[in-house]
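Here's the structure we're looking at; comments come further down.
The values are calculated or read from the model by the stated rules, or taken from the named source; none is laboratory data. Being a predicted model, the structure only gives us computed values, none of them experimental. Glycine also receives a Cβ, built like all others from the backbone with ideal geometry; neighbour counts cover every protein chain displayed. Please note that ligands, DNA and RNA were not included when accessible areas were found on the heavy atoms of the full protein model with its side chains. Shrake-Rupley method; radii C 1.70, N 1.55, O 1.52, S 1.80 Å.
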Amino acid sequence: MLRALLQTCCFQKLTSVNMSYQAASRSSQRLLQDKVALVTASTDGIGFAIAQRLARDGAHVIVSSRKQQNVDRAVATLQKEGLSVTGTVCHVAKAEDRKRLVATAIDRHGRIDILVSNAAVNPFFGSLVDANEEVWDKILNVNLKATALLMNLVVPEMEKQGGGSIVMVSSIAAYTPFHYLGPYNVSKTALLSLAKNFAYELEPKGIRVNCLAPGLIKTNFSSMFWENKAYETQIKNTLKISRLGDPHECAGIVSFLCSPDASYITGETIVVAGGAHSRL
């Protein structure tokens, strides 16, 4: 009799815990319910995975890319999931495109809660001393300056509603430079400082600013590192990792940083690199 009673109590407790866990899981899936998110360079790779995750977690997402066909393809793919996603063309280095991106969010949803600045270029591979002014201008304009100038437009909108969350996508290259990618490495290191400075200034306004620093993630952008299997093996050995990351392994971290669960996190950088950063 006693054993039966104990078994019943244990079962009820486990059932209660399981129901609580399921409820928490369901709740966490909608932590971004009806938030409005802008994600730059979000029609492929890490940017697309982030846009998809934010939308799955309840946000209304505006995706963007330099090419209309890429925007159309991404929007169609995500809308097939029943997600609240629209898109617009945006070359982040162009002032008129940045303004249009922000205006799209305001016109459609009346607010901006989240900005994920993911756009980056790397037109150069070689010795740092061989990088000319054109290379430096292009990389810094897209990878660094465009983020700051986009925030100039987004922050006033966030202030109107008393806060928001911003995530800049940097790179493990900010900590451990990739060989022959000097200007790119520098631009990603500068993003860490940009995030810290903005975080310090905007914290009193309820706006949090953080960074994501992906390691070697398998995307078209990083294809030079993994298309050649011998080179991929060499890179993995150098970084002391067993595999490359998947874009979706970055997306959940961004969703967390934009959610109420991260309400006391600002000015920080989270490295997603399969342990590479800890071993270098």
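Overview of values
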| quantity | calculated |
| --- | --- |
| Failed condition for F221, given (1) part of a helix (DSSP H, G or I); (2) modelled with pLDDT under 75; (3) hydrophobic (A, V, I, L, M, F, W, C) | (1) |
| Number of positions in segment 239-263 that are part of a loop (DSSP other than H, G, I, E, B), open to solvent by less than 80 Å² (accessible area, probe 1.4 Å) and not small (G, A, S) | 5 |
| Yes/no for N197 being within 16 Å of the chain's Cα centre (by Cα), in a helix (DSSP H, G or I) and farther than 21 Å from S255 by Cβ | no |
| Residues of segment 236-272 satisfying the condition of being among the aliphatic types (A, V, I, L, M) and closer than 15 Å to G215 by Cα | L239, I241, L244, A251, I253, V254, I270, V271, V272 |
| Strands (runs of 3 or more DSSP E) (entirely within segment 44-162) containing at least 2 residues that are farther than 26 Å from E203 by Cβ and polar (S, T, N, Q) | 60-65, 85-89 |
| Selection status of N122, surrounded by 23 or more Cβ atoms within 10 Å (Cβ to Cβ), touching a residue at least 60 places away in the same chain (Cβ under 8 Å) and in contact with a strand residue (DSSP E or B) (Cβ under 8 Å, 6 or more places away or on another chain) | no |
| Some residue of segment 23-37 being open to solvent by less than 50 Å² (accessible area, probe 1.4 Å), polar (S, T, N, Q), at pLDDT 80 or above and within 23 Å of L257 (Cβ to Cβ) | no |
| Unique residue being modelled with pLDDT under 80 and open to solvent by less than 80 Å² (accessible area, probe 1.4 Å) when the list is T233, T266 | T233 |
| Flag for G87 being open to solvent by 40 Å² or more (accessible area, probe 1.4 Å), more than 21 Å from K145 (Cβ to Cβ) and among the small types (G, A, S) | no |
| Long-range neighbours under 8 Å by Cβ, at least six apart or interchain, first residue within 10 Å of L144 (Cα to Cα) and open to solvent by less than 10 Å² (accessible area, probe 1.4 Å) within segment 185-200, second of a type outside the set (A, V, I, L, M) and assigned to a helix (DSSP H, G or I) | S187/N143; K188/N143; L191/N143; L191/T147 |
| Qualifying positions in segment 39-57 - of a type in the set (A, V, I, L, M) and buried (at least 24 other Cβ atoms within 10 Å of the Cβ) | V39, A41, I46, I50, A51, L54 |
| Residue count, segment 58-69 (criterion: open to solvent by less than 40 Å² (accessible area, probe 1.4 Å) and not aliphatic (A, V, I, L, M)) | 3 |
